[in-house]
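Chemist: This is the structure I have questions about; it appears just below.
The values are calculated or read from the model by the stated rules, or taken from the named source; none is laboratory data. Quick caveat: nothing in here was measured; it's all calculated off a predicted structure. Cβ sites come from the backbone with ideal geometry, for glycine too, and all protein chains shown count toward neighbours. Just so you know, the surface numbers come from the protein's heavy atoms only, side chains and all, with ligands and any DNA or RNA stripped out. Shrake-Rupley method; radii C 1.70, N 1.55, O 1.52, S 1.80 Å.
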Amino acid sequence: MADLDDLKDGSDFGLGVDVSHQAFHVKGASNLPWGMKDRLSRIFHPTTRKTVMLAFDHGFIMGPTSGLERIDLSILPLIEYADCIMCTRGILQTTVPPHINKPVCLRSDGGTSILTELNDNVLMDIEDAIRLNVSAMAVMLAIGDPAYEAKTVANLFQAVDRASRYHIPVMGVTAVGKEMIRDARYFGLASRICAENGASIVKTYYCEGFEKVAAACPVPVVIAGGKKLPEKEALELCYYAINDGAAGVDMGRNVFQSSSPAAMIQAVHAVVHERLTPVQAYELFIDLSNKEE
Ligand code: 5RP
């Protein structure tokens, strides 16, 4: 039986992780209460400090977009390879079996579709997030959008106020308007605003100078994959993002629109958690794809 001295020395108590944590393994979370830390630990691995979130919330603005027509067929087989899933409550309750017991980062805001202006303007009740036993709530911020910036910042603010009562972390999702310049200055600004308004995780995009975006954000930054890229390029994107300080990925289309989604998510996982190089990860992707055939 380990004693207090073992704790000081960082005994793992047979758990395989250092439980002495002077500093908690999630950036910016050391001063948060137990419930927050527990939920963040479900998302970010205690040893690698990273996460692979599988995003399939796109339907809330795009409808049955390519790869998400039949989530039961396309997404459910991938969930075992993800550390966390990101989806809407509609899909969670209708399509994701509760017994999979994966941490859920719930898309918690809603608004208009791609057919009109792209903006989010309503926030779900905190009670529903609690009932659904979510590990985090995701809320979008449209920084720089003259019409919707204020509304979306207010949404995030309100989500943090409500969620923190129940020790539920909030992830700020930086939406990028067409007129915004996708550079480190913009993503740095948007990410920092999320964190300053209380987000415990930020989702943004990779860009040149990303190391400055990650360094200036006091909470973990995960990157979205964006539009579908060739698999090799998507794996390079993951690799460079992690190298430059990302705490993981929250990836959708580059996984579920891949020619081999299960192989792709495993290759992404290996880059994020095992630091495979893009060449090694692409080899793994090809290898796994061939085995699937
Ligand atoms: C949509 C989202 C998506 O979850 C996010 O963009 C990640 O997906 P992808 O990797 O396909 O970009 O937040 O609003």
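Chemist: For region 28-258, what is the relative contact order in percent, using Cα pairs closer than 8 Å and at least 6 residues apart in sequence?
Modeler: Dividing the mean separation by the residue count of region 28-258 yields 18 percent.
Chemist: A further question on this structure: What residues qualify as long-range amide H neighbours of TYR206, i.e. H under 5 Å apart, gap of 5 or more or another chain, H built at 1.01 Å from N?
Modeler: Residues meeting the amide H criterion: ALA224.
Chemist: Read phi for every residue in region 133-145 and hand back ³J(HN,Hα) as whole Hz from Karplus 6.51 cos²θ - 1.76 cosθ + 1.60, θ = phi - 60°, with x for Gly and Pro.
Modeler: 6, 6, 8, 6, 10, 10, 9, 8, 10, 9, 6, x, 8
Chemist: Over region 28-258, average the accessible area per residue using a 1.4 Å probe and give it in Å², no decimals.
Modeler: Per residue, region 28-258 has an accessible area of 43 Å².
Chemist: Still on this structure: Quick one: order HIS45, HIS99, HIS58, HIS269 from most to least accessible surface, probe 1.4 Å.
Modeler: Ranking HIS45, HIS99, HIS58, HIS269 by accessible area, largest first, yields HIS99, HIS45, HIS269, HIS58.
Chemist: Can I ask one more? So who's got an amide H within less than 5 Å of the one on LEU276, skipping anything under 5 residues away but keeping other chains? H placed 1.01 Å off N, in plane.
Modeler: For LEU276, whose amide H was placed from the backbone, the distant partners under 5 Å are VAL271.
Chemist: Over region 123-180, what relative contact order in percent results from Cα pairs under 8 Å that are six or more residues apart?
Modeler: 45 percent
Chemist: Evaluate the chain: find the radius of gyration of its Cα atoms, find its Kirkwood radius, and give the ratio Rg to Rh.
Modeler: My calculation puts Rg/Rh at 0.96.
Chemist: Going by Cα centres, region 226-279 and region 49-117 are how many Å apart?
Modeler: Cα centres, region 226-279 to region 49-117: 18 Å.
Chemist: Still on this structure, I have one more. Would you calculate, for the chain, the mean residue ellipticity at 222 nm contributed by helices, counting each DSSP H stretch of 4 or more residues as -39,500 (n - 2.57) and dividing by all residues, to the nearest 500?
Modeler: -11500 deg cm²/dmol
Chemist: Tell me the relative contact order for region 79-136 as a rounded percent, counting alpha carbon contacts under 8 Å between residues six or more apart.
Modeler: Contact order relative to length: 32 percent.
Chemist: Another question, then. Carbon and sulfur atoms: what percent of the 1.4 Å accessible area of the chain do they account for?
Modeler: Whole-percent figure for carbon plus sulfur exposure: 52.
Chemist: About its Cα centre, what dipole magnitude does the chain give when the only charges are +1 on Lys and Arg Cβ and -1 on Asp and Glu Cβ, stated in debye to the nearest 20?
Modeler: With Lys and Arg at +1 and Asp and Glu at -1, about 500 debye.
Chemist: For a label point 7 Å from the Cα of LEU115 along Cα→C-beta, name the residues of region 47-89 whose backbone N is under 16 Å from it.
Modeler: Residues 59-65 fall inside that zone.
Chemist: Among DSSP bridges having both ends in the chain, what percentage is antiparallel? Round to the nearest 5.
Modeler: Bridges in the chain are about 10 percent antiparallel.
Chemist: So if each residue of separation counts as 0.36 nm, and I subtract the Cα-Cα distance between ASP183 and ILE286, what length gain in nm does that give?
Modeler: Extra length available between ASP183 and ILE286 comes to 33.9 nm.
Chemist: A follow-up question, please. Probe 1.4 Å, all protein chains in place: accessible area of GLU179 in Å², nearest 10?
Modeler: Taking all protein chains as shown, GLU179 has close to 120 Å².
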